[in-house]
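To keep things clear, I will list the structure first and then write my remarks on it.
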Amino acid sequence: MRLYFLSLISIFFFIGGNLAAQKLNSPDGNLEMIFNLDAQGVPTYSLTYKSKIVTKASKLGFEIKDQEALTSGFELILSEEKTFDETWKPVWGELKEIRNNYNELFVSLNQKATNRNLNVRFRLYNDGLGFRYEFPEQENLVYFVIKEE
């Protein structure tokens, strides 16, 4: 009975510790990006190429002048994945057609202590990763100066 109980506790902590972890693969499957919130609510991402580390876990967020930093204390509100694949023809250039193909992970975060929201949109292509921060309209974050990313 004790072994069974300890196994359940181990499974609970394993699953519970990674509830906010999200994996995203490139369309060809060679790149893998992992987004995670640690126990203190610090958002991080890491990137591997064919299982080799490209970018170790790197923190996301901002230090803001005269306000509490947007670097920790987050909880995951929403995550959505989507795939995009289109081919378009440029007016001029070396290529006749350009393929725009990526997998996207959108995460919406809320900083509990300040009730401020921050969204991060990751796009993983076969040849690289891009991400951007989005600040939704909100009462607790209207005008601000970024000190550090």
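The values are calculated or read from the model by the stated rules, or taken from the named source; none is laboratory data. From a predicted model like this one, the values you see are computed outputs, not experimental measurements. As a convention, Cβ positions derive from the backbone with ideal geometry for all residues, glycine included, and neighbour counts pool all protein chains shown.
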Open item on the list: Residues that are of a type in the set (D, E, K, R) and closer than 26 Å to K147 by Cβ: does the range 97-104 have at least one?
Closed with: no
TODO: Just need a number here: residues in the range 92-111 that are under 18 Å from the mean Cα position of the chain (by Cα) and surrounded by fewer than 19 Cβ atoms within 10 Å (Cβ to Cβ).
DONE: 4
- [ ] Identify all residues within the range 122-149 that are within 19 Å of G73 (Cα to Cα) and not in a loop (DSSP other than H, G, I, E, B); write none if there are none.
- [x] Y133, E134, I146, K147, E148
TODO: Could you please give the count of residues in the range 58-92 that are of a type in the set (V, I, T), within 24 Å of Y45 (Cα to Cα) and outside any loop (DSSP other than H, G, I, E, B)?
DONE: 3
TODO: Kindly provide the set of residues from the range 126-149 that are under 20 Å from T55 (Cβ atoms) and buried (at least 17 other Cβ atoms within 10 Å of the Cβ), ordered by number.
DONE: L129
Open item on the list: Here are the criteria: (1) aliphatic (A, V, I, L, M); (2) at pLDDT 95 or above; (3) outside any strand (DSSP E or B). Tell me which single one L95 does not satisfy.
Closed with: (2)
